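Data first, discussion second: the structure below is written as structure tokens.
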Amino acid sequence: MSTIDTDEFRTLLEQERERLTKAVKFLHDENPGSITEELGDIIEAGIDYNHLGDTASATFDRELDEGIGERAQQTIGEIEAALKRIEDGTYGFCEVDREPIPVERLRAIPWARTCIKHS
């Protein structure tokens with residue numbers, strides 16, 4: 001059984017899950033359609049060299065947003081797993097050597113599965 005205050009970490013995890021969920025929703029709301037729909041006539045009519053920079057910027061922005069969204073979804077999954085570990089009493093222990101994870105590490109990354117040595 002862990003000697004850390006799991007209520008503190010449950011709160012941190014739930015707050016971070018809520019923040020990331022809102023961020024993912026925002027990204028989806030900002031990019032509701034495909035890149036073709038976003039660029040409209042520029043792509044459908046073929047690349048117009050006057051708009052090449054606009055096309056590149058829009059593509060870069062969309063790919064950046066997708067990468068951020070994917071990473072946020074992965075972190076939400078890690079948060080869900082950490083909340084499950086709280087429920088089953090294994091939270092705060094390294095999954096490699098079963099030693100306690102330092103509280104400072106858990107405060108920095110509440111969903112951490114391993115100690116620094118094994119990360």
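The values are calculated or read from the model by the stated rules, or taken from the named source; none is laboratory data. Just so we're clear, the structure is a prediction, and the values are computed from it rather than from any experiment. Cβ placement follows ideal geometry from the backbone for every residue including glycine, while neighbour counts extend to all protein chains displayed.
For GLY33, all conditions in the list (1) at pLDDT 65 or above; (2) surrounded by 12 or more Cβ atoms within 10 Å (Cβ to Cβ); (3) not in a helix (DSSP H, G or I) hold save one; what is the number of the exception? That leaves (2) as the condition not met.
Kindly establish whether ARG85 is on the phi < 0 side of the Ramachandran plot and of a type outside the set (S, T, N, Q). For ARG85, the condition - on the phi < 0 side of the Ramachandran plot and of a type outside the set (S, T, N, Q) - is met. Please work out which residue is modelled with the lowest pLDDT, limiting yourself to region 54-73 and to residues that are among the aliphatic types (A, V, I, L, M) and surrounded by 13 or more Cβ atoms within 10 Å (Cβ to Cβ). Taking the candidates together, the pick is ALA58. The one condition from (1) surrounded by fewer than 16 Cβ atoms within 10 Å (Cβ to Cβ); (2) within 17 Å of GLU16 (Cβ to Cβ) that ILE76 does not meet is (1). Beta carbons closer than 6 Å, at least 6 apart along the sequence or on distinct chains, pair a first residue in region 75-99 that is closer than 14 Å to THR3 by Cα with a second that is among the charged types (D, E, K, R) for ILE86/ARG10; TYR91/ARG85. Within region 92-111, the set of residues being assigned to a loop (DSSP other than H, G, I, E, B) and within 19 Å of LEU20 (Cβ to Cβ) comprises ILE109, PRO110, TRP111.
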